[in-house]
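S.K.: For reference, the structure I am asking about is given below.
Nothing in this text is a laboratory measurement; each read-out follows from the coordinates by a stated rule. Here the structure is a predicted model, which is why all the values come from computation and not from measurement. Cβ: placed from backbone, ideal geometry, glycine included. Neighbour counts: every protein chain shown.
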Amino acid sequence: DKEVIRLDHISKQFNQTPVLKDITAKLHKGEILGFLGPSGAGKTTTIKIITGQLHQTSGEAYILGINSKQIDETIYEQIGIVTDTSGIYDYVSVYQNLEMFAKILEVKKINIEEILKKVDLWEHRQKLASKLSKGQAQRLILARAILHNPRVLFLDEPTSGLDPSTAMEIHKLLKQLKEEGMAIFLTTHNMEEATKLCDYVALLNNGTIVEYGTPE
Ligand code: ADP
Ligand code: ADP
C-alpha cells in the first residue's frame, strides 16, 4: 500500500487547552508532506502523536497501516525521526558515530560507506563530529536517521539555523530520498522551504489547518 500516514480528525488538548483541532492529512510513499506554521502551532505535537509518543484526545492516526495508539517499538525499525536533540557523539569520528548507532539500533545489514556517500560525508568520515560545519553535522544526523533504511522519515525543522546554501544541500538530499521512495513528513516555519520542497503543505495556525494542498 502506498499510504504511509493518515490523520483523521485529530484533536489534542493539554489540560483542557486545545493544541490541535480537527487535523486531517495524509502522506504516501515517495512524497514529502510539510506542516508549515509558526512556533507553537502544534507541529511537534503532531509528530509525537503519529509516532505514538503522545496520544490524541480524539480522532485517529495511522502509520504504515497501524493505529498510532497501538504501535510498539518495532515500528522504530521502519521509521526515522530527526528532532533538534541531535545525540551525535562529538568526540568520535563521523564513521564511528554511524558504527555506534548501527550497534545501538541493532541494524544488521548496513553499508556505512554507501550511506556516507549518499549524504556527501564520505570524504569527512575521519573527522571528529565536533569539527563538522553545521550543514555537515545536520547531514550526519540525517545519515543516522536513515541508517536502517526506514520507510518514513520525520524531520522536525530540519534546516532551522542553517544558512540558505547549506539548507539547499539538505533539500537536495531529501529530494533524492523521496525519489528513492521514502515518505517524508517535515515541519518548518519557513514558507519558501515548504513550497520548494514539499508535494503537499498543511498550513497550520493555532492548531488548525488553514490551508492544505500542493504548494501552488
Ligand atoms: P510547534 O512544534 O509548532 O512549535 P508544539 O507542538 O511544540 O508546536 O506546541 C504546540 C502547543 O502545545 C504550544 O502552545 C505548546 O506550549 C503546547 N505544548 C506542547 N507540549 C506540551 C505539553 N507536554 N504540555 C502542555 N502543553 C504543551
Ligand atoms: P486515496 O485513494 O488513497 O484516498 P487520493 O485519491 O485521495 O488517494 O489521492 C490521490 C493523490 O492526491 C495522491 O498522490 C495523494 O498524495 C494526493 N493527495 C492526498 N491528499 C490530498 C489533499 N488533501 N489534497 C491534494 N492532494 C492530496
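S.K.: Write down the radius of gyration of the stretch 1-91 and its Dmax, each obtained from C-alpha positions, in Å.
M.R.: Spelled out, the Cα radius of gyration and Dmax of the stretch 1-91 are 13.9, 45 Å.
S.K.: What length, rounded to one decimal in nm, is gained on full extension from H55 through to D8, with 0.36 nm per residue of separation minus their alpha-carbon distance?
M.R.: In short, 15.6 nm is gained.
S.K.: Lys/Arg Cβ at +1, Asp/Glu Cβ at -1, dipole of the chain taken about the Cα centre: which of T51, T214, L204 is farthest positive-ward?
M.R.: Highest projection toward the positive end goes to T51.
S.K.: Suppose R0 equals 41 Å; then what is the FRET efficiency for K26 and K127 from their Cβ-Cβ distance, rounded to the nearest 0.05?
M.R.: With R0 = 41 Å, the Cβ-Cβ based efficiency is 0.55.
S.K.: Return the Rg/Rh value of the chain, two decimal places, where both radii are evaluated on C-alpha atoms and Rh is the Kirkwood radius.
M.R.: Details: Rg = 17.0 Å, Rh = 17.7 Å.
Rounded to two decimals, Rg/Rh equals 0.97.
S.K.: Mind listing which chymotrypsin sites (Phe, Trp or Tyr not before Pro) in the stretch 73-121 are in a DSSP loop and have 10 or fewer other Cβ atoms within 10 Å?
M.R.: Numbers: sites: Y76, Y89, Y91, Y95, F101; in loops: Y89, Y91.
Of the chymotrypsin sites (Phe, Trp or Tyr not before Pro), the ones in loops of the stretch 73-121 whose Cβ has at most 10 other Cβ atoms within 10 Å are Y91.
S.K.: Once fully extended, how much extra length lies between H189 and K134, figured as 0.36 nm per residue of separation less the alpha-carbon to alpha-carbon distance?
M.R.: My answer for the length gained is 17.9 nm.
S.K.: Using the Karplus equation 6.51 cos²θ - 1.76 cosθ + 1.60 (θ = phi - 60°), what ³J(HN,Hα) coupling, rounded to whole Hz, does each residue of the stretch 125-142 give in order, writing x for Gly and Pro?
M.R.: 3J(HN,Hα) across the stretch 125-142, in whole Hz: 4, 8, 5, 5, 4, 5, 9, 7, 5, 4, x, 5, 4, 5, 5, 5, 4, 5.
S.K.: Over 30 Å between Cα atoms, which of K69/K178; K48/K196; K43/K109 qualify? Don't jump to the answer; show the numbers that get you there.
M.R.: On the way: K69/K178 27 Å; K48/K196 25 Å; K43/K109 33 Å.
Among K69/K178; K48/K196; K43/K109, the Cα-Cα distance tops 30 Å for K43/K109.
S.K.: Let me ask you something else. Can you tally the net charge around I112? Count Lys and Arg as +1, Asp and Glu as -1, for every other residue whose Cβ sits under 12 Å from the Cβ of I112.
M.R.: Net charge in that neighbourhood comes out at +3.
S.K.: Counting Lys and Arg as +1 and Asp and Glu as -1, what is the net charge of the other residues whose Cβ lies under 13 Å from the Cβ of L173? The partial results should precede the final answer.
M.R.: Working: positive: K117, K118, R139, K172, K175, K178; negative: D120, E169, E179, E180.
With Lys, Arg at +1 and Asp, Glu at -1, the neighbours total +2.
S.K.: Given only helices, namely DSSP H runs of n ≥ 4 each adding -39500 (n - 2.57), what is the per-residue ellipticity at 222 nm of the chain, to the nearest 500 deg cm²/dmol?
M.R.: The helix contribution divided over the chain gives -8500 deg cm²/dmol.
S.K.: Just subtract the alpha-carbon distance of L105 and T208 from 0.36 nm times their residue separation and send over the number in nm, one decimal. It would help to have the intermediate numbers written out before the result.
M.R.: On the way: separation 103, 0.36 × 103 = 37.08 nm, distance 3.55 nm.
Residue separation times 0.36 nm, minus the Cα-Cα distance, leaves 33.5 nm.
S.K.: Less than 15 Å apart at the alpha-carbon level, and either on another chain or at least 8 residues along: which aspartates and glutamates does that give for K127?
M.R.: List returned: D90, E99, E113.
S.K.: Let me ask something else. Between D199 and I66, what is the FRET efficiency for a Förster distance of 25 Å, r being their Cβ-Cβ separation, to the nearest 0.05? Mind showing how you got there, number by number?
M.R.: Details: r = 23 Å, r/R0 = 0.92.
The computed FRET efficiency comes out at 0.60.
S.K.: Same structure again: Find the percent of Cα-Cα distances in the stretch 169-216 that exceed 15 Å, and round it to a whole number. If you can, show how the numbers build up before the last one.
M.R.: Numbers: 524 of 1128 pairs.
The share of Cα pairs beyond 15 Å in the stretch 169-216 comes to 46 percent.
S.K.: Exactly which GluC sites (Glu not before Pro) in the stretch 98-133 are in a DSSP loop and have at most 14 other Cβ atoms within 10 Å?
M.R.: Values: sites: E99, E106, E113, E114, E123; in loops: E106.
Of the GluC sites (Glu not before Pro), the ones in loops of the stretch 98-133 whose Cβ has at most 14 other Cβ atoms within 10 Å are E106.
S.K.: Take the Cβ-Cβ distance between E77 and K175 as r, set R0 to 41 Å, and report the resulting FRET efficiency rounded to the nearest 0.05.
M.R.: 0.95
S.K.: What does the charge add up to near G42, with Lys and Arg as +1, Asp and Glu as -1, over the other residues with Cβ less than 9 Å from its Cβ?
M.R.: Overall, the nearby charge balance is +3.
S.K.: Using +1 at the C-beta of Lys and Arg and -1 at the C-beta of Asp and Glu, which of P18, T195, V119 has the Cα lying farthest in the positive direction of the dipole of the chain?
M.R.: V119
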